[in-house]
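Notes follow the structure.
The values are calculated or read from the model by the stated rules, or taken from the named source; none is laboratory data. This structure is a prediction, so every number in the text was calculated from the model and none was measured. Here the Cβ is made from the backbone with ideal geometry for all residues, glycine too, and neighbour counts use every protein chain on show.
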Amino acid sequence: MVALPVIIGLDALQSRYQVVSLVQETCGLAAGYKVGLPSLLRIPGIGREVRKACDEALVIADLKLADIADTMVRVAEITSGWADAVIAHAFPGYEGALDGLSRFLEENRQKLVVVVAMSNPGASETMDPILEKLVGIAKRARAWGLVAPATRPHVIARARNLFTEAVILSPGVGAQGARPGEAVRAGADYEIIGRLITTSRDPAATLQSLAPSYKGRHV
């Protein structure tokens, strides 16, 4: 089976065994895995174990970065050797923030992914009205990817029109209400899916059952 355009969010899993087992079971079925702060704080060294368990996958470190450049770089250093990409927020701006992080990641041969909108309802009050400005910051930082919510497909479409070259990753599928395939049809390249898969008794089978939602969009 060709890998689906799905990035599995691992943060709901509680143990090293659960994470490694799920990655091994779904390796080759999903396009990649997102390792966030909950996993990194709960399970030391889990990023490298995810990389080892499925070396072919896209591994993304979601560190919730939103600070000055020096601080973000110091945090991003922990991803060297295992993460293909690192997620940061756009709102700290470019100068003195994303400019330094972007340079560091480029030197480290890693990709920058910038959050320009979030999947929670409150983000529609704060981030959506300034989407153009946030996407502009991401473009200036030479971001490889954008995070835009599957819960609001029209935001994905706007982000796609504003930054056609970017890879769009969309969270919010499953537990937050968006249905598999909706974000991809709106213009996203990958959907980030967590609990729908990680809480399943058979994650591989659950993932395979989603294939019809992505017909013609496998990676």
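What are the pairs with Cβ atoms under 7 angstrom where one residue, in the stretch 148-170, is within 22 Å of GLY32 (Cα to Cα) and the other, located anywhere, is assigned to a loop (DSSP other than H, G, I, E, B) and modelled with pLDDT under 95? Sequence gap at least six, or different chains.
That search, which allows pairs on different chains as well, returns PRO149/SER119; ALA150/SER119; THR151/SER119; THR151/GLN176; THR151/GLY177.
Restricting the search to the stretch 36-65, which residues are in a helix (DSSP H, G or I) and either buried (at least 18 other Cβ atoms within 10 Å of the Cβ) or touching a strand residue (DSSP E or B) at 6+ places or on another chain (Cβ under 6 Å) (or both)?
Within the stretch 36-65, LEU37, SER39, LEU40, ILE46, GLY47, VAL50, ARG51, ALA53 qualify.
Kindly list the number of the only condition in (1) within 16 Å of LYS64 (Cα to Cα); (2) under 14 Å from the mean Cα position of the chain (by Cα) that fails for ALA123.
(2)
Which residue, of ALA186, ALA150, is within 28 Å of GLN18 (Cα to Cα), surrounded by 20 or more Cβ atoms within 10 Å (Cβ to Cβ) and not basic (Lys, Arg)? Before you say what the answer is, go through the steps one by one.
Working: ALA186 fails: within 28 Å of GLN18 (Cα to Cα).
The match here is ALA150.
Kindly evaluate ALA123 against the criterion of being at pLDDT below 95, surrounded by 14 or more Cβ atoms within 10 Å (Cβ to Cβ) and within 23 Å of LEU10 (Cα to Cα). Before the answer, list the steps.
Working: at pLDDT below 95: yes; surrounded by 14 or more Cβ atoms within 10 Å (Cβ to Cβ): yes; within 23 Å of LEU10 (Cα to Cα): yes.
Criteria met by ALA123.
Please determine, by comparing only the residues of the stretch 74-100 that are closer than 14 Å to ASP62 by Cβ and touching a residue at least 40 places away in the same chain (Cβ under 8 Å), which one is surrounded by the fewest Cβ atoms within 10 Å (Cβ to Cβ).
ASP84
Scanning the stretch 76-106 for residues that are over 27 Å from THR126 (Cβ atoms) and acidic (Asp, Glu), which turns out nearest to the chain's Cα centre (by Cα)?
ASP84
Kindly establish whether ARG48 is under 19 Å from the mean Cα position of the chain (by Cα) and among the charged types (D, E, K, R).
Considered against the rule, which asks whether it is under 19 Å from the mean Cα position of the chain (by Cα) and among the charged types (D, E, K, R), ARG48 comes out as yes.
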